Amino acid sequence: MTDLALPAPRRPRRAARQPSGLDLWGRLVVGAGVALAIYLIAAPLAMLLATAFRGPVEFLPFEPGARWTLGNVVAVYTDPALYERVIPDTLVFVTGSVALSFTIGFGLAWLVERTDLPGREVWFTLILFPLLMPTIVLGIAWIFLMAPKAGWLNLGLRALLGIAGEGPINVFSMGGLIVCQALASVPFVFILLTAALRTMNPGLEEASGASGARPITTFRRVTVPVLLPGILAPFILVCLVTLEQFELPSILGVPAKVSIFSYRILYELNPADGLPNYGGAAAVALPFLVLGIALLALYNRAVRRAERFVTVTGKAYVQRRLRLGRWRVPALLFAGAYVVIGALLPAAILVWASLLGYVPPSAAALKEASLAAYWRLLSDPTFWLAVRNTLIVAGASALIVSVLGGLVGWTLLRLSFPGRTLLDVFSFMSIGIPSVIAGLAVMLLYLTVPIGIYGTFVILIVAYSYRLAISTRLAKAGLMQLHRELEEASAASGARWMSTQARIVLPLLRAPLFSSFVLLFIVGVREFTLPLILHSPDNVVLSVLLWKLFQNGDAPQAAALATFILVLVVPVVALARRGLMRAGG
Amino acid sequence: MTRCIRLVLLGLAATIAATQASADWRQSPAVKELYEKAKAEGEVTIWGTNGREVDWIPAAFAAEWPGVKVNPLGDNDIAPKIIAETRAGRHAVDVYWSSITGVAPIVQRELPTPVDWSMFGVSGDNTAFDGRMGFTNNIVYVVAYDTRKMSDADMPKTWDELLEPKYKDKMTGSLFLMPRLVSALSIKWGQDKALDFARKLAGDTGILLTRAPRESILQSGERVIAAGEVDTLPKLWAAGGMPVKYVIPAPVVLGQFGATVLAKAPHPSAARLLAGWLASKEGKTAREKGNFEVDYRPGSDHPDAQRIYASGVAVIEDRVQEMEARAALYKKAADILTGQAR
């Protein structure tokens, strides 16, 4: 039961208040938060917009010699292949993988948050596994499983079905790419949706059921409409994130001649000679911003009347879970199938590779297994420095972004002021900025501003903290489900704004803020583009170390490090989840 | 025949000259003085194009020149990074190690300083950019194969043999390296033939071009040949126990790498000593031991290099004046190979 611990009534203060109960301290905190958020996003966003129109490629965007030009945009958007192949392929890829990841992700989130599925905490952690694994590891694992000639699943299926030749599954195809990208995106969808599902008051569903509506009708007429902001926000975020993906497309899609728009970014940054074409990469990224603004407008239109989505009011409610009954076994099979293909088999391949490299599994090979890669890793002082830096950078940036996202989300929803739409757009735009452009912006900024953070881990915290779109959207979607009467009642009882936020709003926003923190922490642990651009011997992080080991062709040590990252992050996620469950009841 | 004899004689002469020079250079008073100054500076920072290329250096350098600590940093984007840092007045790097194409942008901005490479037994034809870059090693493009399923006799002797039906559905390759190989081949073949080769390779052979590690594709058994790799990788794979060997098809395609000393290096003496050592015979030997990289230039005394030149096959080297044309073709080749254009 949610305990709304309102403070004892006090005499109302004389100070004039906004309807939100914002007092002087509140104004200071909100103002500082919003200003910091703008500061963190402004540099990369300005850099992206400007870089797209700076050239020629022989110069960095702000070097003497560079000038304003439309050349980058013209080069990218007058290429006929863009319209003949790249855009059609991209549309099929994004539509297919978002539809599939959303179907699987929503199903899993609903089972974990709204039903009595056994072992929910274990499922929660297992479902996040693919998000913890480097994409290159997932790609390799799925090649081992689903490659048309030698993939183990194919070998098994061919033996079972008595068919000869290749297949029947081909990971190197548009279909294979869609399935793999969807499997990789499910944890992202899952964690965003669990936040919305967890905050939702089940009373409406129960009332529908009590009125004789069938479960499917309740789901269609009550659950989905009430969750609209909570579903739409992840949907938009997943669309944009999928549109930006180039890792799996370059591992699995290019062999099948699948041309994805975002692959162009990688292509522009890897020229045959000279400097990376930052202008070309930024020009390719521009549509992400345009599409982001369009999707944001659609989102705001769909959720214009926030009151329609309020499910948590001053009245207490009990979190009840739907009994699965005879659907328990199919539900377990559904969750199990995803976890096996998306998490356990890739994890097993990872552990195997750490002991033996990429040798295919066999009893004979097992005799050669060695822990040498782990010992080499653990005896390397750089590794321990990287562990420390990773935990600090990922943890601090996730905390900063979650708190700022919460403040910006609250500001957007509870306050009315000129420029509110601009702030909304601004905070959302961060998702359309490629890491490489953000890294360049931060590097140039802190080389110019002599505050001594260049080359330290602090610059990484600052660089990672521009990604406010996810936390702002999550906080906003969560706040939409909280009626402002809770805050008004608190203010009317004499509580200060800070006290109201700390004692009423924050506890009720635990789920979205927790999801935001976990997601950003994991993204922070995995992030390698930003630390690679900004790294020095002192601020090395695990992802950079991992990337180097892969590049060096040291498969066992790279796999050992990736395994260590799993071992490091999984308990953090599990403990945080347990803490949340205890606190949330 | 006469050409072969001339090449062998030239090679021998260069080898003798280099051996004499390299035997002496560490004992010369100028080098001893430089070493003393380097020790006083205490450390030196080197940036290279990736970790593997520079991580072996600290131990190997310390074995020969104790008392000077080497701080290595490997990163693909060292060129923009060093340009941005220099523009901001930050000078933390002493030695910059990269390919000719990677060095060109920093030379254009006059960041490196000329070095007297002869101090280290390095002849003038092993330098570039008016003495600003000393050559250290090459990469050579190869075809690697799984020795359990293929033999040396099955392998192509020339790059265009890869289009033969016998290699259909057997090959994998790197999305990063293959367009570079095609653009280099255009120097010998001409643009049309090189692009036609790319079209047929991508369209007819079933080659699996990917950014995944190719050793994983070979190990899984999905493919048995990795075409267009650089020699260092199959050497590394074999050292890790993989049953893999390679051949070098004709024309032989080389990539050139070398060291530069930055004009505003914070440790100028240590920087010169390190860069000079890297370009010297001793440095090259240490590099091969530490990272399997070899000097394949004409005049190299390495047996693999001598075999190449003795065979009389055409060799395509990195040349500064050809880089622009190659870059233009690279874009077209990459479009074709990745399916973004026909």
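Every number in this text was worked out from the coordinates using simple rules, so none of it is lab data. Note that this is a predicted model, so its numbers are computed, not measured. Here the Cβ positions follow ideal geometry from the backbone for every residue, glycine too, while neighbour counts run over all protein chains shown.
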### Message
Set the bar at 29 Å for Cα to Cα. Now go through A:Lys149/B:Lys289; B:Lys39/B:Lys289; B:Lys170/B:Lys235 and name every pair that lies beyond it.
### Response
A:Lys149/B:Lys289
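What is the mean number of Cβ atoms from other protein chains located within 10 Å of the Cβ atom of each residue in peptide A:85-92, rounded to a whole number?
1
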#### Entry: Nearest-20 debye value, the range B:186-342 charge dipole, Cβ charges on Lys, Arg, Asp, Glu
200
### Task
Just need the relative contact order of the range B:226-301 here, percent rounded to a whole number, with Cα pairs under 8 Å and 6+ apart.
25
### Query
Can you pick out the pairs among A:Lys548/B:Lys157; A:Lys257/B:Lys332; B:Lys149/B:Lys332 whose Cα atoms lie more than 27 Å from each other?
A:Lys548/B:Lys157; B:Lys149/B:Lys332
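Under a point-charge model restricted to the Cβ atoms of Lys and Arg (+1) and Asp and Glu (-1), what is the dipole moment magnitude of chain A relative to its Cα centre, in debye to the nearest 20?
Around 2380 debye, computed over chain A.
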### Query
If r is the Cβ-Cβ distance from B:Glu43 to B:Ala238 and R0 is 30 Å, what FRET efficiency results, to the nearest 0.05?
0.30
### Message
Taking the Cα centroid of the range A:550-571 and of the range A:369-405, what is the distance between the two, rounded to the nearest whole Å?
### Response
11
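State the antiparallel share, in %, of DSSP beta bridges confined to chain B, rounding to the nearest 5.
Here the antiparallel bridges make up roughly 60 percent for chain B.
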### Query
For chain B, what relative contact order do you get, as a whole percent, if you take Cα pairs closer than 8 Å and at least 6 residues apart?
28
### Query
Going by a ≥ b ≥ c, the root eigenvalues of the Cα gyration tensor, does the range A:442-585 fall in the rounded group (a/c under 1.5), the prolate group (a/b larger than b/c) or the oblate group?
oblate
### Query
What relative contact order, as a whole-number percentage, does chain A give when Cα pairs under 8 Å and 6 or more residues apart are counted?
25
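Report the charge-dipole magnitude of chain B in Debye, nearest 20, computed about the Cα centre from +1 at each Lys and Arg Cβ and -1 at each Asp and Glu Cβ.
Taking the Cα centre of chain B as origin, the dipole is about 420 debye.
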#### Entry: Rounded if a/c under 1.5, otherwise prolate or oblate - chain A, Cα gyration tensor axes
oblate
### Message
For a protection proxy built on the mean count of beta-carbon atoms within 10 angstrom, sort B:193-201, A:291-299 highest first, please.
### Response
B:193-201, A:291-299
### Task
Over the whole of A:366-378, what's the average partner chain Cβ count within 10 Å per residue? Rounded to a whole number, please.
0
### Task
Work out, step by step, the length gained on full extension between A:Leu568 and A:Ala294: first 0.36 nm times the residue separation, then minus their alpha carbon distance; give nm to one decimal.
94.8 nm
### Query
Just from its helices, what would the mean residue ellipticity at 222 nm be for chain A, if runs of 4 or more DSSP H residues each count -39500 (n - 2.57) and the sum is divided by every residue, rounded to the nearest 500 deg cm²/dmol?
-20500 deg cm²/dmol
### Message
Students often check this: by mean Cβ neighbours within 10 Å, which of A:522-535, B:281-294, A:369-382 ranks highest, and how do the rest follow?
### Response
A:522-535, B:281-294, A:369-382
### Message
Please enumerate, by chain and number, the aspartates and glutamates with C-alpha under 18 Å from the C-alpha of B:Lys281, excluding those fewer than 8 residues away in the same chain.
### Response
B:Asp24, B:Glu53, B:Glu64, B:Asp116, B:Asp125, B:Glu293, B:Asp295, B:Asp301, B:Asp304
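Quick check on the exposure proxy: order B:Lys69, B:Lys157 from fewest to most C-beta atoms within 10 angstrom. It would help to have the intermediate numbers written out before the result.
Numbers: B:Lys69 15, B:Lys157 11.
Fewest to most other Cβ atoms nearby, the residues stand as B:Lys157, B:Lys69.
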